[in-house]
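Undergrad: Following this message is one structure expressed as structure tokens.
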Amino acid sequence: MPVTIDLKDAETRDALAARAVSRAPGEKPSLIGMSREEMGEALGEAGVKDRQIKMRVQQLWHWLYVRGVSDFAQMLNVSKDLRATLDERYTIARPEIVDEQISADGTRKWLLRFPPRGAGKPVEIETVYIPEEGRGTLCISSQVGCTLTCSFCHTGTQKLVRNLTAEEILSQLLLARDRLGDFPDKDTPQGAIVPGEGRKVSNIVMMGMGEPLYNFDNVKKALLIASDNEGLSLSRRRITLSTSGVVPEIYRTGEEIGVMLAISLHAVRDELRNELVPINKKYPIETLMQACRDYPGLSNARRITFEYVMLKGVNDSLEDARDLVRLLKGIPAKINLIPFNPWPGSAYECSDWEQIEVFADFINQAGYASPIRTPRGRDILAACGQLKSESERLRKSERLALEAMMIAGHGEA
């Protein structure tokens, strides 16, 4: 059966371009982000005998995801010859940290740089760590930029450059655990604000730059490794994937990944949501709510989180609160009320605090938990909706010129 692709549709073009992630000549592939099967194939290509592959994969998996090493030389129970061979062929290095900012409230934001991989020049993304009493949450990015152009979101002002690979998604978690002393034999930075006991990174949320479900395969691969019981071993109930409403992949998320689901809702009527979250024109509220009701494993113990940014005079009336309660009827849910976090050039204002409390009280009285999310990291633009990098995808002519310079030895990778 023939498949038709509408290349006039900007979203389709961007999605196709983002999939074309290529490795530059001479760039070593990373073992991070590989499945066990892929790692086994890599070891076979490196000369490991078939009968030893399973055992060697187990060793590497332990060193990468339990011990958190980033240098083959640290893998002490692997022979020197094999370590040298792996080092020659592969990498397990962390991404480059361009900048690290620490908020007055302990929130940390890292600006990370990755190779071009089809974008023409190196790309940058932001990752945020939010320490709280009893837990530490890492907000992970899935794309460089975003296609969705949600009108209240700073990330939406940055055009999509490319998807992140499974390695790049997972590397954000590994790097954060490194920097926070969350691996064995690693020290927590002096004066860092972290949970008093247990893991420093206890929860992860796919709420950073990009729409995770427009990069489904790489996100799935990374989250399955993050939740693998013989490695990073994060409970799937401590992993939340947030989507603006890519309905077909919501079903796949429940069936193939099984993590907690969050929906960026922000409006209860299609007319307003079309403006705030333009993907609503493709997947309107009724369709989105049905996907939520059908989400596998949905129960009072596995509720869907609905994110609702509070915009003054836009979506914060008592009528909006009543309609929200009606909309969610029958769905085990909690509603995160997010005071709008301003960013340069934004057209919205945050709702008055008194109005947010009135809104929250109404929803609470209707039987739904409606915590008001405390703004974190505003002073370093690390709060919800504020993430953005300066990366742009080069035009084809610019990429060809850059490649010619690199071939001539005058460019930098």
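Every number here is computed from the coordinates shown, using simple stated rules; none is lab data. Not measured: the values here are computed from a predicted model. Please note: Cβ atoms are built from the backbone with ideal geometry, for glycine as well, and neighbour counts cover all protein chains shown.
Undergrad: Give me the one-decimal nm value for the distance between modelled label points at Asp178 and Asp228, 7 Å along each residue's Cα-to-Cβ direction.
TA: 1.9 nm
Undergrad: Can you sort Glu197, Glu100, Glu132 so the residue with the fewest Cβ neighbours within 10 Å comes first? Don't skip to the answer; put the middle values down first.
TA: Details: Glu197 6, Glu100 12, Glu132 17.
Exposure proxy ranking, most exposed first: Glu197, Glu100, Glu132.
Undergrad: Sort Leu327, Leu265, Leu31 so the one with the fewest other Cβ atoms within 10 Å of its own Cβ comes first.
TA: Least to most surrounded, the residues fall as Leu327, Leu31, Leu265.
Undergrad: Can you check what the Kirkwood hydrodynamic radius comes to for the stretch 88-215, Cα pairs only, in Å to one decimal?
TA: 15.4 Å
Undergrad: Report, in cubic angstrom per residue, the convex hull volume of the C-alpha atoms of the stretch 31-92. If you can, show how the numbers build up before the last one.
TA: Working: hull volume 4.6 nm³, N = 62.
Here the figure is 74 Å³ per residue.
Undergrad: A further question follows. Multiply the residue separation of Glu38 and Ser317 by 0.36 nm, subtract the distance between their alpha-carbon atoms, and state the gained length in nm to one decimal.
TA: Additional length available on full extension: 95.2 nm.
Undergrad: In Å, what Kirkwood hydrodynamic radius results for the stretch 96-380 from the alpha-carbon pair distances?
TA: Numbers: mean 1/r = 0.0513 Å⁻¹.
Roughly 19.5 Å, rounded to one decimal.
Undergrad: Still on this structure, please answer the following. Please tell me which of these pairs span more than 27 angstrom C-alpha to C-alpha: Lys109/Lys281; Lys28/Lys220; Lys109/Lys220; Lys159/Lys186; Lys159/Lys221?
TA: Listed pairs above 27 Å: Lys109/Lys281; Lys159/Lys186.
Undergrad: Related question: Neighbour counts of other C-beta atoms within 10 Å: give me Asp323, Asp294 arranged from fewest to most. Write out the running numbers ahead of the final one.
TA: Numbers: Asp323 15, Asp294 12.
Ranked by crowding around the Cβ, least crowded first: Asp294, Asp323.
Undergrad: Lys49: which aspartates and glutamates have alpha carbons under 16 Å from its alpha carbon, excluding same-chain residues fewer than 8 sequence positions away?
TA: Cross-link targets: Glu37, Glu38, Glu41, Asp81.
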